[in-house]
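In what follows, a single structure is set out as structure tokens and then discussed.
The values are calculated or read from the model by the stated rules, or taken from the named source; none is laboratory data. All of these numbers come straight from a predicted model, not from anything done at the bench. Positions of Cβ are backbone-derived with ideal geometry, glycine not excepted, and every protein chain shown enters the neighbour counts.
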Amino acid sequence: MAERKSYQDKFKTKPIFRDSEGNAVSAFEQKGKELHDILFLPLDETSSTYKTLDPELLRNKKTKDFVEIFGIKKPSLKDEIYNNILPIYDGDGEIDTETHFIKFFTYWKNSGRPEEFISLIEDKEFISYKTREEEITYRGTANEIYYPLTDLEKYFASKPKTKFVDLKDYYTFITDEKEQQTLKEFLLKLGVSVLPRIFEKEITKQSKKT
């Protein structure tokens, strides 16, 4: 069994399979120390953007067994995030940030709160926020947003453009108090702050006018 696994590992990233469009493709892609699935079993939905195995290959029992042992499967939530959602943030198209937030949050809390995942999404504009200046909910990156603590809101009372997490928005679908604490942990991990940020600014001396 060990020899078989070692043999399979050599071909994890090799284009030894045929996808639904007839192209030679690999089943996995090496990203750092991790392997990420990039080829999946055929799906029911026709509008999927996933790269899927040629369904004809699964008609042969031996091939089907090999595919299963090799580790090709239907997409998981992780696959959806890595393959479908994150690439969207590299483009200029319209983004369903609320749906993405739910999926990011669900994956993070159910996968042992991985730090490497936080590093992948912390610079994405998907955090709901409001300012005292407007009642409109916007989306931004965590490192420019504050958590709405009473003392912090008082501190920024004279700065109506300060961005605070729109907790009312999140609490419409995260209603459990324990889950709300987990939400706070998630937001702080992403870079939302509970303290005023200090920015350094170099001041040069201006020569006096004569």
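Please verify whether region 142-149 includes one or more residues that are surrounded by fewer than 11 Cβ atoms within 10 Å (Cβ to Cβ) and either within 13 Å of Ser128 (Cα to Cα) or at pLDDT 95 or above (or both). Checking region 142-149: not a single residue is surrounded by fewer than 11 Cβ atoms within 10 Å (Cβ to Cβ) and either within 13 Å of Ser128 (Cα to Cα) or at pLDDT 95 or above (or both). Looking across Asp92, Asp44, one residue alone is outside the structural domain of Ala24 (by TED's automatic domain parsing) and outside any helix (DSSP H, G or I). It is Asp92.
Of the residues that make up region 53-75, is at least one polar (S, T, N, Q) and under 25 Å from Asp123 (Cβ atoms)? Among the residues of region 53-75, not one is polar (S, T, N, Q) and under 25 Å from Asp123 (Cβ atoms), which makes the answer no. Scoring Asp54 on the criteria (1) assigned by TED's automatic domain parsing to the domain that holds Ile174; (2) acidic (Asp, Glu); (3) surrounded by 14 or more Cβ atoms within 10 Å (Cβ to Cβ) leaves a single failure, condition (1). Checking region 106-113 against the condition returns a match, with at least one residue being under 12 Å from the mean Cα position of the chain (by Cα), modelled with pLDDT of 90 or more and either of a type outside the set (S, T, N, Q) or surrounded by 14 or more Cβ atoms within 10 Å (Cβ to Cβ) (or both).
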